[in-house]
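Everything below concerns the one structure shown next.
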Amino acid sequence: MLAESTKFINRFEKEIMLIMVMGLPGSGKSFFAKSFAEKLGAEYFSSDLLRTKMGLRGKYLPENKNQVYMEMAKRTKELIEKNKSVVLDATFFQKKFREFIYSIAETSGVPLFIFLVQADENIIKQRLSAPRKDSEADHSVYLKIKEQFEPLERPFLTLNSTNDNLSEILLKASQYINRPNEQQ
């Protein structure tokens, strides 16, 4: 296991990567994405944090969402141009928001790895019942986004989050980046 993790880190240090972490509110995507970015030494961007910085907290009209995703894409592109790897954390529930990131990866020639973080419905309800510092989403928001979540059209790895398996899903993500053609 340690050799696998070391191999991953060595590859990552040599190659700039773009990592898109997506999932429904309460799935554990932010906890995973922050931890993964830390492990990789990559830049971390969260749509929730960016929304707050942009003064758009509590504003979820389509134009507000578009502003947040466009700003995320702009900042990602700037970092990729500076040869920095980036981990993105957002629901990416609509294809149009994913397209911003696909375009950056394609035009810059940087590999893109996509992770869909999921969790059991009961775990999600539990997580969303407590106030969270960076997210305003509650169970009703979860249900709305779940209904609107558009299918993924690119290769991705699904990671099933529980309340105690962070090490396991970090390892799975590391292995996937080493062998992206081995879909699970």
Worksheet item: What does the charge count near Phe93 come to, summing +1 for each Lys or Arg and -1 for each Asp or Glu among other residues with Cβ under 15 Å from its Cβ?
Response: +3
Discussion item. Given points 7 Å out from each Cα along the Cα-Cβ axis, report the Gln126 to Ser103 separation in nanometres with one decimal.
Written reply: 4.1
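Between Ser167 and Leu49, what length comes free when the chain is fully extended (0.36 nm per residue of separation minus the Cα-Cα distance, one decimal in nm)? Don't skip to the answer; put the middle values down first.
Numbers: separation 118, 0.36 × 118 = 42.48 nm, distance 2.42 nm.
Working it through step by step, the gained length comes to 40.1 nm.
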Worksheet item: Given charges of +1 on the Cβ of Lys and Arg and -1 on the Cβ of Asp and Glu, with all other atoms neutral, how large is the dipole of the chain about its Cα centre, in debye to the nearest 20?
Response: 340
Discussion item. At a 10 angstrom cut-off on C-beta neighbours, averaged per residue, how do the peptides 38-48, 152-162 rank from highest to lowest?
Written reply: 38-48, 152-162
Discussion item. Just want to confirm a number: the relative contact order over the stretch 39-178, from Cα pairs under 8 angstrom separated by 6+ residues, in percent.
Written reply: 25
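Shape of the chain from its Cα gyration tensor (a ≥ b ≥ c, root eigenvalues): rounded if a/c is under 1.5, otherwise prolate when a/b > b/c, or oblate?
Working: a/c = 1.71, a/b = 1.21, b/c = 1.42.
Oblate is the answer for the chain, as a/c is 1.5 or above yet b/c matches or exceeds a/b.
Going down the table (Lys29/Lys59; Lys29/Lys125; Lys39/Lys96; Lys59/Lys144; Lys59/Lys82; Lys74/Lys133), which pairs top 23 Å between alpha carbons?
Going by Cα-Cα distance, Lys39/Lys96; Lys59/Lys82; Lys74/Lys133 fall outside the 23 Å limit.
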Worksheet item: What residue among Phe115, Phe92, Phe100 shows peak mean-square fluctuation when the chain is described by a Gaussian network model with Cα springs under 10 Å?
Response: Phe100
Worksheet item: In nm, to one decimal, how far is the Lys39 label point from the Gln94 one, both placed 7 Å along Cα→Cβ?
Response: 3.2
Worksheet item: If you take the charge dipole of the stretch 39-178 about its Cα centre, with +1 on Lys and Arg Cβ and -1 on Asp and Glu Cβ, which of Tyr102, Met70, Ala130 is farthest toward its positive end?
Response: Met70
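Only the coordinates and a few stated rules stand behind these numbers; no lab work does. Since the model is a prediction, treat every value here as computed from it, not as a measurement. Here Cβ is always computed from backbone atoms with ideal geometry, including for glycine, and neighbour counts include all displayed protein chains.
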